[in-house]
Structure formats: C-alpha cells, structure tokens
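The values are calculated or read from the model by the stated rules, or taken from the named source; none is laboratory data. Everything numeric in this text was worked out from a predicted model, so none of it was measured. Cβ placement follows ideal geometry from the backbone for every residue including glycine, while neighbour counts extend to all protein chains displayed.
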Amino acid sequence: MKWSKDILTYLLFVAIAFLIWWTNAWHNQAAEHEGVATAQNAQTQADESKQMVTEKLFELPIEVVGVPQGKSVRVFPSKADVYVRVRMSHYEELSKEDYRVWCTYPSSQTDVLVLHVDANESRSLSIRIEPEEVEYLIEEN
C-alpha cells in the first residue's frame, strides 16, 4: 500500500509539472506572436514616418452657403489656393474633388468672409488655404 501511494504521489507531481510547463510554453508562444505583430506595426509606422513629405496645390472655387432667396453673393477673389501636405506615396491619389472651399453668408455687417476647407479624404497631413478671408458683394436678384 505504501508503495502504490508513493507512485500516485509521484504521478501527481509529474502531472502538475507537465501542466506548469505546458502553461508557460503556451504563454510564451502567445507573447512571442504578439511581440512579432507589435514589431511589424512599429516597422510599418517607422517606414511611413521616413517617407518624404510634399505639398500639392489645388485652385478651387469659393462657395457661399446660406444665401437667402432673392440674393446672390460675389466673393473677391472667386477662387482660393489650397495647399495640402501629403506623403509622397499618396501624392497621386489626391484630387481637387476631395476638397471644398466655402464661407457662410454674413449674418451681420462685416468687411470680409472667413474661408473654410472640407476634406473628403484622410491622407493629408495638413491643409492651408490662401487667402484665409475674402471680400464680398451682396446683390439683389
């Protein structure tokens, strides 16, 4: 009886040791896989940050929104230059249809209207517009 009890204790210790080894091996494999994915993401970000940046210029018409019926607004100048900073790899993908320059009808007496830019894409790093403000003339239709 003593002999069989010793064997059962030994087998129990072996089983526990195996479970500990297997759990650690599985955990190390998962951590190694996660580390590879993290390293790949870091490499992709590093490669992207090393790409050269350039600027693309679009000349776009200025839209006036919120004009009441029976009135029209002319802005001076009628077009604005939109400068888009972008990575070289995305330069050819940009088109003027991705951007819109607009200003709102003045709700009070003001000398100038402030221009805004809407972008329908996410590749641009920054957008600059010139001029930032325009003069205007309101006409009755």
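Quick notes on this one:
- Residue in region 44-51 that is modelled with pLDDT of 70 or more and under 27 Å from S124 (Cα atoms) present: yes
- Number of the condition not met by E92 [criteria: (1) at pLDDT 90 or above; (2) in contact with a strand residue (DSSP E or B) (Cβ under 8 Å, 6 or more places away or on another chain); (3) on the phi < 0 side of the Ramachandran plot]: (2)
- Which numbered condition K79 fails, given (1) modelled with pLDDT under 95; (2) surrounded by 11 or more Cβ atoms within 10 Å (Cβ to Cβ): (1)
- Pairs, first closer than 19 Å to E132 by Cβ in region 81-101, second small (G, A, S), C-beta under 7 Å, six or more apart: V84/S124; R85/S124; R85/S126; Y99/A119; V101/A80
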